[in-house]
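The values are calculated or read from the model by the stated rules, or taken from the named source; none is laboratory data. These numbers come from a predicted model, not from an experiment. As a convention, Cβ positions derive from the backbone with ideal geometry for all residues, glycine included, and neighbour counts pool all protein chains shown. Please note that ligands, DNA and RNA were not included when accessible areas were found on the heavy atoms of the full protein model with its side chains. Shrake-Rupley method; radii C 1.70, N 1.55, O 1.52, S 1.80 Å.
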Amino acid sequence: MHDGLYKAWRVLTMDPHEPEIYEAGILVQNDRIVALDRFAVLRGTGPVYDLGRVTLCPGLINAHTHLGMSHLQGQIPKGLGFKAWADRIFSLRHQPFNEFFLFQNVEAMRTKGLAVLTDIVGGHGEQIRAILGDSGLTGFFFYELSGQCKGNLTQKVLPDKSSLAVHALYSIDPEYARQIKAWCHSTNRPFSLHLAEVPGENELFIDGKGEFADFLRFRKILPKSFVAPGTSVVSFAQSLGLLDPKTLAVHCVQVSETDLGFLADSGASVCLCPRSNTWIGVGEPQALAMYQANIPLCLGTDSLGSNESLNLWAELAVVQQLLPKSLTLPDLLALITINPAKVLGLEKDFGILAVGRTALWAVVPKPWADMH
Ligand SMILES: [Zn+2]
């Protein structure tokens, strides 16, 4: 981005100290915001770039994707149900990675104001990092683990803006999951897991039975050591100490009122991926109940194997239908800006527009731009 003074009709900063500035100026040097105020106050501090009658918000954060599956775009029909969807994923796993699908989707989202993609690393890492780098986007990488404990985690060293994740509690030894969370805690990094996505997940944890349990045994996904704890999967996650304010639980579609209570009390954030849930056919997230329980919500697109695009605005449009009509534009924008920035530990750079933060913003599209 060029150094200079950017002029915009309205800036929604997501900064509680100064949430909204009309006729705003954002002074940028070396891709950082060095001043943010009314344009009239900053006039004369640099060459002016007039963005016109637009509403700006902080650059968007996609809190959950699997970029390594981008080449599966359009290959798996909608609404098959989880088992048939997962079978297709297995059968397509040796398909060559086509960078072009990822490039096209990343570029489309960059122009819509995306700043950060949170990726569950699943191969093709070098190509993915190169594409994000070329686009000027930041990646946050979760290295996902499953199965039995392998090696000593205490020796594990990861670069900045990355951490460890558990695939799901049905695919990992619980003691290993606990160790992974402990590693994240000791290194002050976020932790993530797919949680309560699939119908039958609770049945599995309650009594070890059901169609989903049979599928996991057939596919050898369920660890040999598995013993049904006799509780819901959310309750089990809570008992293992996996839920706290640095946890990003993904999906949480199959949740009872009691489960919502566990999630709310823990301070964990929930990443909703409603378009992926519909595509696979696992149900609809209880966004309203979660919002009313004050659970911090984020949005993710999940992979292009279960979504038509990485478009966060399209994801927001779906979630908005599930939330109270009384929500303000900043209330909605929180799901794709400040909430994910907080749980991922990125708020020093992203999530709000303020002095010192990265100079990346999104132009809020209609109809949201017309909300006051
Ligand atoms: Zn996922």
| said: Being open to solvent by 10 Å² or more (accessible area, probe 1.4 Å), among the charged types (D, E, K, R) and either in a helix (DSSP H, G or I) or modelled with pLDDT under 95 (or both): is that true of E203 here? | reply: yes
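Please verify whether segment 287-298 includes one or more residues that are open to solvent by 40 Å² or more (accessible area, probe 1.4 Å), farther than 28 Å from A84 by Cβ and touching a Leu at 6+ places or on another chain (Cβ under 6 Å).
There is at least one residue in segment 287-298 that is open to solvent by 40 Å² or more (accessible area, probe 1.4 Å), farther than 28 Å from A84 by Cβ and touching a Leu at 6+ places or on another chain (Cβ under 6 Å).
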| Restricting segment 121-176 to residues that are in a loop (DSSP other than H, G, I, E, B) and of a type in the set (K, R), the residue that is surrounded by the fewest Cβ atoms within 10 Å (Cβ to Cβ) | K150
| message | If T118 meets every condition in (1) surrounded by fewer than 19 Cβ atoms within 10 Å (Cβ to Cβ); (2) within 16 Å of the chain's Cα centre (by Cα); (3) of a type in the set (S, T, Y) apart from one, which number is that one? | response | (1)
| Just one of the numbered conditions (1) open to solvent by 30 Å² or more (accessible area, probe 1.4 Å); (2) touching an Asp or Glu at 6+ places or on another chain (Cβ under 8 Å); (3) not assigned by TED's automatic domain parsing to the domain that holds N105 is not true of Q73; which one? | (3)
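Per-residue answers, yes or no, for (1) assigned to a helix (DSSP H, G or I); (2) within 16 Å of the ligand (Cβ to nearest atom); (3) touching a residue at least 40 places away in the same chain (Cβ under 8 Å):
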| residue | (1), (2), (3) |
| --- | --- |
| V227 | no, no, no |
| V234 | yes, no, no |
| Q238 | yes, no, no |
| A249 | no, yes, yes |
| T258 | yes, no, no |
| N294 | no, no, no |
| remark: Note on segment 62-91: residues free of Cβ contacts under 8 Å to residues at least 40 places away in the same chain and assigned to a loop (DSSP other than H, G, I, E, B) are P77
| message | Residues that are more than 16 Å from the ligand (Cβ to nearest atom), surrounded by fewer than 17 Cβ atoms within 10 Å (Cβ to Cβ) and aromatic (F, W, Y): does segment 86-94 have at least one? | response | no
| said: I'd like to know if segment 270-286 contains one or more residues that are in contact (Cβ under 8 Å) with a residue 24 or more places away in the chain, within 12 Å of the ligand (Cβ to nearest atom) and part of a loop (DSSP other than H, G, I, E, B). | reply: yes
| said: Tell me whether segment 39-61 contains one or more residues that are open to solvent by 30 Å² or more (accessible area, probe 1.4 Å) and either part of a helix (DSSP H, G or I) or in contact with a Ser or Thr (Cβ under 9 Å, 6 or more places away or on another chain) (or both). | reply: yes
| message | Quick check on segment 52-77: of everything there that is within 16 Å of the ligand (Cβ to nearest atom) and at pLDDT 90 or above, which residue is farthest from G123 (Cα to Cα)? | response | I61
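Here's the yes/no breakdown for (1) under 14 Å from the mean Cα position of the chain (by Cα); (2) at pLDDT 95 or above; (3) surrounded by fewer than 18 Cβ atoms within 10 Å (Cβ to Cβ):
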| position | (1), (2), (3) |
| --- | --- |
| G305 | no, no, no |
| L310 | yes, no, no |
| I338 | yes, yes, no |
| G345 | yes, yes, yes |
| remark: Counting only residues in segment 181-196 that are more than 16 Å from the ligand (Cβ to nearest atom) and in a loop (DSSP other than H, G, I, E, B), the one surrounded by the fewest Cβ atoms within 10 Å (Cβ to Cβ) is identified as N188
| query | Restricting attention to segment 340-356, does a residue exist that is without any contact (Cβ under 8 Å) to a residue 40 or more places away in the chain, closer than 25 Å to D119 by Cβ and not in a loop (DSSP other than H, G, I, E, B)? | reply | no
